[in-house]
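Colleague: Attaching a single structure in structure tokens format; questions to follow.
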Amino acid sequence: MRGCMKGRNQLSRLMVTAIILMVFIQFAAATDTLEDSCIENPSGKNTFSWEDYLVLGAMLVISCGIGVFYGCFDKNQNSEDFLLGGSTMGTFPMAMSLAASFVTAVELLGNPAEMYTHGSQFWMICLAFILVVPMTSKFYLPVFMKLRLTSSYEYLSLRFCQKTRYLASGVYILQMVLYTSVAVYAPALALSKVTGLNVYLAVTAVYAVCIFYASQGGMKAVIIADTFQAAVLLGSLFLILFLGDKYVGGTGIIWSQSYKTDRLEIFNFNPDMTVRHSFWSVLIGGTFYWMTMFCSNQASIQKYLSVEAIGQVRRAIWTSSFGLIIIYSVNFYTGMIMVAHYKDCDPLQSGQITAADEILPYYIINVMGNMKGVTGFFVAGIFAASLGTVASALNSLAAVTMQDFLGSACGIHIPDKRGAFIAKILSIVYGAVSFGLVFLIAQLGSVMQVAISFNGMAGGVTLGLFSLGMFFPWANAKGAIFGSVIAMGLITLMCIGQQVAIASGSFEEESKFTSIEKCKCFNITQVVQKEIIPDTEPIFFLYRISYIWYSGIGFLVTVILGLIGSFVTGANKTSDVDDNLLSPPVKEFLLSLSSSAKTFRLKANGCVNVNENIAMDSANIDKVELVEVRGIKQNDLTDEEIIQKIRKISAPS
């Protein structure tokens, strides 16, 4: 076994070393040719060379090779090995895998476009990363690590009922199938812009590679491949940033142009929820959004369980959080570079591109297209960002389907030896379904906004269900189902209504000023001005609420209506809830109440009859409280036996 682990570690080191060497070679080559090559190609023709194809092909082949390696290496895989990596993975690979799965081509294409069209307000979401990690570590993570459930939604059946579990699992499947479609469409779009390849052929190629390696090696292959792909991603980001900064003229020009065009906006304190991005919406709404990704997302929780100790997970999520901050900052600085570069000739307004999300690949091919291998490295980074996310999603969808539906709902017993094979088949099936939905996604608007909207529709509701269970022992199954169904319906209505309004042209968001005064080889008279149509009826308020609030609204509606429904239908007694299902701070709070509060709560729950000859001093209340919480019947034990039980319960594990 040690030999096997050494072989895996050596493989990881070799891959990372190869990427570092590739980055240095690219930087050296780019520096030497910067003066000659950074000449914009006015024709916009594809200049994807064989060197570019070689770089891109190497990344795809290595990703497939990792799947083949682990598929052949672990021939006797069972379901736990395939879905959880046997809980033997290292801290650093898991941290890199988390970051890679959170960063998709949606962010790589969407964030620079966001900076270019709307400014830097969304950059403040980096503060949300810092807030989310301690909340995840303290409130949610201990419960998941204590229970170690392959499907996190099994928690909901333990805490509430099976129907709650199936509801959350079904919502997650819908969410991730839609989200992966967006994550694959974005790099296919980039590839089509760079190479001239038909976008749907590109989509087919991406899915073929991703399904292949994700269905072969399981969680081990996913985590190691993510580590490799994260290195490719970071290398490509820094290479583009380095070249773009040099070509535009340096940091001073970049910042000054963003300032002059009113794009350096990070403290817009407008409390209006219909404002697309404000300080409050990005900080508060963004925190709820990323809590759904860290605290209640099945793909993330599966990776937490791929290591042995909770301390490893805590270090990993901090590492991934700082990695996300770096990636987002580089993304927005890249957007600032494009602001400076296109200050006098906006490719979107001039019709050279059709959507804001295309501006980064358009910039790469036109400005750096003559640098052999650079465009290939960029596209490899885009692909790397998507492959990790999709592979993690397919693995988690297989886990949820096997555990929650085949195993629990249908009662099908799957032997461990057959579990890995069934999971592989499910990964392929979900990949095919997601592929089919790409054709629908292509008709929607901004890929970043669509992706966050999809996650907001489901993520906030799921986070609300887990929070109801972990923080409110009085919440019952009826209340949880009531709150989640209403919340899901509301957020779905808001999301669909807004997308319909955007598609019809009746809902447009104000963009920052751009100019086409100095566009070369372009006749300004060719620009067709949009016909100004006077407003007829105002758009319904719910449809105008910023998409970034969806997770927070779903969470609050689920929790508030869940508690109301629970008290209306008969709230749980705190003694009826297994304390392993409660968040540690909640357990500590229940056991640290004052004597009078404990007496009141125990009497309200029917645990103590004040007319009995029981001395209700502080010590006895603590004793009865601990005994009752653990489900020990006080009347069946002597006083000494109760004390012994309490000592045993209170002893550290």
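The values are calculated or read from the model by the stated rules, or taken from the named source; none is laboratory data. Note that this is a predicted model, so its numbers are computed, not measured. Note: ideal-geometry Cβ built from the backbone for every residue, glycine included; neighbour counts use all protein chains shown. Only protein heavy atoms, including side chains, enter the accessible area calculation; ligands, DNA and RNA are left aside. Shrake-Rupley method; radii C 1.70, N 1.55, O 1.52, S 1.80 Å.
Colleague: Got at least one residue in the range 471-479 being outside any helix (DSSP H, G or I) and surrounded by fewer than 19 Cβ atoms within 10 Å (Cβ to Cβ)?
Modeller: There is at least one residue in the range 471-479 that is outside any helix (DSSP H, G or I) and surrounded by fewer than 19 Cβ atoms within 10 Å (Cβ to Cβ).
Colleague: Hey, does the range 390-407 have a residue that's surrounded by 24 or more Cβ atoms within 10 Å (Cβ to Cβ) and over 27 Å from Tyr289 (Cα atoms)?
Modeller: No, because not a single residue in the range 390-407 is surrounded by 24 or more Cβ atoms within 10 Å (Cβ to Cβ) and over 27 Å from Tyr289 (Cα atoms).
Colleague: In the set Val307, Val339, Val390, Val313, which member is part of a loop (DSSP other than H, G, I, E, B) and of a type in the set (Val, Ile, Thr)?
Modeller: Val307
Colleague: Which residue, of Ser151, Ser157, is outside any helix (DSSP H, G or I), of a type outside the set (D, E, K, R) and surrounded by 20 or more Cβ atoms within 10 Å (Cβ to Cβ)?
Modeller: Selected residue: Ser151, the only one of Ser151, Ser157 that is outside any helix (DSSP H, G or I), of a type outside the set (D, E, K, R) and surrounded by 20 or more Cβ atoms within 10 Å (Cβ to Cβ).
Colleague: Residue pairs, Cβ under 8 Å, 6 or more apart or interchain, first in the range 480-509 and surrounded by fewer than 18 Cβ atoms within 10 Å (Cβ to Cβ) and modelled with pLDDT under 90, second of a type in the set (A, V, I, L, M) and not in a helix (DSSP H, G or I). List them.
Modeller: Ala501/Ile539; Ala503/Leu444; Ser506/Ile539; Phe507/Ile539
Colleague: Of the conditions (1) touching a helix residue (DSSP H, G or I) at 6+ places or on another chain (Cβ under 6 Å); (2) assigned to a helix (DSSP H, G or I); (3) farther than 23 Å from Leu234 by Cβ; (4) at pLDDT 90 or above, Gln302 satisfies every one except a single condition; which number is it?
Modeller: (4) is the only condition that Gln302 fails.
Colleague: Ok, one more. When you scan the range 522-530, do you find a residue that is assigned to a helix (DSSP H, G or I), at pLDDT below 85 and touching a Pro at 6+ places or on another chain (Cβ under 9 Å), even just one?
Modeller: Scanning the range 522-530 turns up no residue that is assigned to a helix (DSSP H, G or I), at pLDDT below 85 and touching a Pro at 6+ places or on another chain (Cβ under 9 Å).
Colleague: So for the range 328-344 (the condition being more than 22 Å from Ile125 (Cβ to Cβ), out of contact with any Leu (no Cβ under 8 Å at 6 or more places or on another chain) and hydroxyl-bearing (Ser, Thr, Tyr)), does at least one residue qualify?
Modeller: Yes, the range 328-344 contains at least one residue that is more than 22 Å from Ile125 (Cβ to Cβ), out of contact with any Leu (no Cβ under 8 Å at 6 or more places or on another chain) and hydroxyl-bearing (Ser, Thr, Tyr).
Colleague: Right, here's the next one. Can you find a residue in the range 338-345 that is modelled with pLDDT of 90 or more, touching a Gly at 6+ places or on another chain (Cβ under 8 Å) and of a type in the set (Gly, Ala, Ser)?
Modeller: Scanning the range 338-345, I find at least one residue that is modelled with pLDDT of 90 or more, touching a Gly at 6+ places or on another chain (Cβ under 8 Å) and of a type in the set (Gly, Ala, Ser), so the answer is yes.
Matching residues to (1) open to solvent by less than 60 Å² (accessible area, probe 1.4 Å); (2) more than 30 Å from Met368 (Cβ to Cβ):
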| position | (1), (2) |
| --- | --- |
| Leu234 | yes, no |
| Phe238 | no, no |
| Gly244 | yes, no |
| Thr287 | yes, yes |
| Ser296 | yes, yes |
| Tyr333 | yes, no |
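Colleague: Looking only at residues in the range 85-103 that are polar (S, T, N, Q) and modelled with pLDDT under 75, which one is nearest to the chain's Cα centre (by Cα)?
Modeller: That would be Ser87.
Colleague: Another question, if that's okay. So which residues in the range 246-267 are part of a loop (DSSP other than H, G, I, E, B), of a type outside the set (Val, Ile, Thr) and either open to solvent by 40 Å² or more (accessible area, probe 1.4 Å) or in contact with a Leu (Cβ under 8 Å, 6 or more places away or on another chain) (or both), if there are any at all?
Modeller: Those that are part of a loop (DSSP other than H, G, I, E, B), of a type outside the set (Val, Ile, Thr) and either open to solvent by 40 Å² or more (accessible area, probe 1.4 Å) or in contact with a Leu (Cβ under 8 Å, 6 or more places away or on another chain) (or both): Gly249, Asp262, Leu264, Glu265, Phe267.
Colleague: Quick one: in the range 123-132, of everything that is of a type in the set (A, V, I, L, M) and crowded, with 20+ Cβ neighbours inside 10 Å, which residue is farthest from Val586 (Cα to Cα)?
Modeller: Only one residue tops the list, namely Met124.
Colleague: If you scan the range 468-502, which residues turn out to be closer than 18 Å to Pro538 by Cβ and aliphatic (A, V, I, L, M)?
Modeller: Across the range 468-502, the qualifying residues are Leu493, Met494, Val500, Ala501, Ile502.
Colleague: Hey, can you tell me all the residues within the range 49-71 that are in a helix (DSSP H, G or I) and either at pLDDT below 65 or open to solvent by less than 20 Å² (accessible area, probe 1.4 Å) (or both)?
Modeller: If the condition is that a residue be in a helix (DSSP H, G or I) and either at pLDDT below 65 or open to solvent by less than 20 Å² (accessible area, probe 1.4 Å) (or both), then Asp52, Leu56, Met59, Ser63, Ile66, Gly67, Tyr70, Gly71 are the ones that fit.
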